[in-house]
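Input: a single structure, listed below in structure tokens.
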Amino acid sequence: MMANGRGAVITGWGIALPETVVTNSDLEARLDTSDDWITERTGIKERRVGGTTAGLAIEAGAAALEKARRDGADIDQLVLATTTPDRQMPATASVVQAGLGTHGGAIDINAACSGFVYGLVHAHGLIAVGAERVLLIGAETLSRITDWSDRNTAILFADGAGAVVLEAVDGPGQLLGWDLGSDGSAAELLFAEIGGFMRMEGREVFRRAVRATVDSSLRSMERAGVSPDDIALVVPHQANVRIIEAAGQRLGIPIERTATVLQSTGNTSAASIPLALVDALNGGRVQDGDLVLLVGFGAGMTWASAVVRWRSHPAVGTSS
Ligand SMILES: CC(C)(COP(=O)(O)OP(=O)(O)OC[C@H]1O[C@@H](n2cnc3c(N)ncnc32)[C@H](O)[C@@H]1OP(=O)(O)O)[C@@H](O)C(=O)NCCC(=O)NCCS
């Protein structure tokens with residue numbers, strides 16, 4: 001399943017969050033809900049809202065480029081994972097491409113909350129066929145498709161962006177195993193019509209989310225030839241801390257080896273995994289050689305996971 005010959009490593013990372021904070025107390029004031037209920041059932045305390053998907057993506061992308069000591073012009077492919085493009089067309093990636101001055105292709109991909117890991121695997125594919133440096137961004141403004149009078153969804157979703165720079169290396173690179181999946185027969189469990197708000201069957205999404213997280217993680221680990229004990233850090237989609245705990249329990253990976261930021265970000269869909277990854281990296285929670293498991297699920301239903309061996313100071317560049 002893994003391609004040989006030409007792999008990739010992550011050389012830079014960055015995030016963007018809008019300034020406006022919406023706390024559970026703010027929601028309490030306008031919905032039939034409570035801080036206690038939201039905290040106990042989801043783990044979320046506050047979230048950020050505002051901005052545009054392109055604006056947040058450009059800010060996160062610029063931060064990732066700076067960390068990688070690269071300019072936009074060093075990038076030859078841009079992949080933007082988003083469920084909330086700013087317009088029907090053009091692709092939001094084109095606006096981000098102009099904003100950052102990247103070269104080559106620019107494309108939006110929509111796999112809902114699995115989008116960043118889908119993008120990670122697709123970026124490795126671009127590198128395998130010749131791209132040198134890919135900027136991968138997950139960015140969302142879910143507040144624009146949230147019905148703020150619906151307590152089922154308004155407590156969960158929010159805005160933000162996270163980005164990584166991937167650079168080509170000789171040899172297999174960081175990606176050891178991956179799994180992407182979709183079950184479109186479950187599409188009605190979580191959807192938004194074009195121009196409409198999100199609608200969700202929370203309990204059933206919860207049940208499937210735990211199962212998808214566990215099954216996909218096991219497939220990626222098997223393909224990577226590693227076991228849960230080998231994983232230094234899981235970076236799961238930040239939807240609900242109870243989903244993360246239930247999946248972690250079944251995988252035998254404790255919460256201490258799990259990255260969580262949902263307390264302060266809510267569910268930011270394609271941005272949630274890079275937000276949690278960057279928080280863990282900046283907190284010194286990932287060391288050279290560590291195995292990191294990224295895993296997400298979302299509307300579709302989709303799911304995606306990847307096992308990455310972290311290299312903190314990679315010898316970047318191919319010999320060819
Ligand atoms: C939405 C979610 C938090 C609801 O939690 P839950 O424990 O499943 O709660 P239930 O839907 O069973 O509802 C339990 C009770 O709380 C009530 N309730 C629902 N939302 C509420 C809210 N925001 N505030 C207060 N009470 C609420 C329900 O009406 C129900 O009341 P009842 O027992 O009198 O009928 C949970 O199902 C969830 O997180 N699902 C996954 C959603 C998700 O991750 N979506 C994104 C996928 S990428």
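Of the peptides 187-195, 96-104, 51-59, the ranking by mean beta-carbon count within 10 Å, highest at the top, reads 51-59, 96-104, 187-195.
Annotation for Asp183 and Asp71: the two label points, set 7 Å from Cα along the Cα-Cβ direction, are 4.9 nm apart.
Can you give the translational diffusion coefficient of region 1-149 in µm²/s, computed by Stokes-Einstein from the Kirkwood radius over Cα pairs at 10 °C and 1.306 mPa s? The Stokes-Einstein estimate is 95 µm²/s. Ligands, DNA and RNA are left out, and with a 1.4 angstrom probe the accessible area of region 1-85 is 46 Å² per residue.
Binning all Cα-Cα separations of region 190-242 at 10 Å, short to long from zero, yields these whole-percent fractions: 19, 39, 27, 13, 2.
Multiplying the residue separation of Glu256 and Asp150 by 0.36 nm and subtracting their alpha-carbon distance yields 34.8 nm.
Diffusion of region 129-231 by Stokes-Einstein, at 10 °C in a medium of 1.306 mPa s and with Rh set to the Kirkwood radius over alpha-carbon pairs, works out to 93 µm²/s.
Across all Cα atoms of region 104-185, the radius of gyration (one decimal) and Dmax (whole number) stand at 15.9, 52 Å. Measuring nothing but protein heavy atoms, the accessible surface of the chain at 1.4 Å probe radius is 49 percent carbon and sulfur. Here the 3J(HN,Hα) profile of region 172-187, calculated from phi with Karplus coefficients 6.51, -1.76 and 1.60 at θ = phi - 60°, is x, x, 8, 7, 9, x, 8, 8, 10, x, 8, 10, x, 5, 9, 4 Hz, Gly and Pro shown as x. A Stokes-Einstein calculation at 37 °C with viscosity 0.692 mPa s, built on the Kirkwood radius of region 171-320 over Cα pairs, returns a diffusion coefficient of 205 µm²/s. Counting 0.36 nm for each residue step from Glu19 to Asp170 and taking away their Cα separation leaves a gain of 50.3 nm.
More than 26 angstrom separation, counting every C-alpha pair in the chain; what % is that? Result: 40 percent of Cα pairs exceed 26 Å.
The values are calculated or read from the model by the stated rules, or taken from the named source; none is laboratory data. A quick note: this is a predicted structure, and the numbers were derived from the prediction, not measured. Positions of Cβ are generated from backbone atoms using ideal geometry, with glycine treated the same way; all protein chains shown enter the neighbour counts. Ligands, DNA and RNA are excluded from the accessible area calculation, which covers all protein heavy atoms including side chains. Shrake-Rupley method; radii C 1.70, N 1.55, O 1.52, S 1.80 Å.
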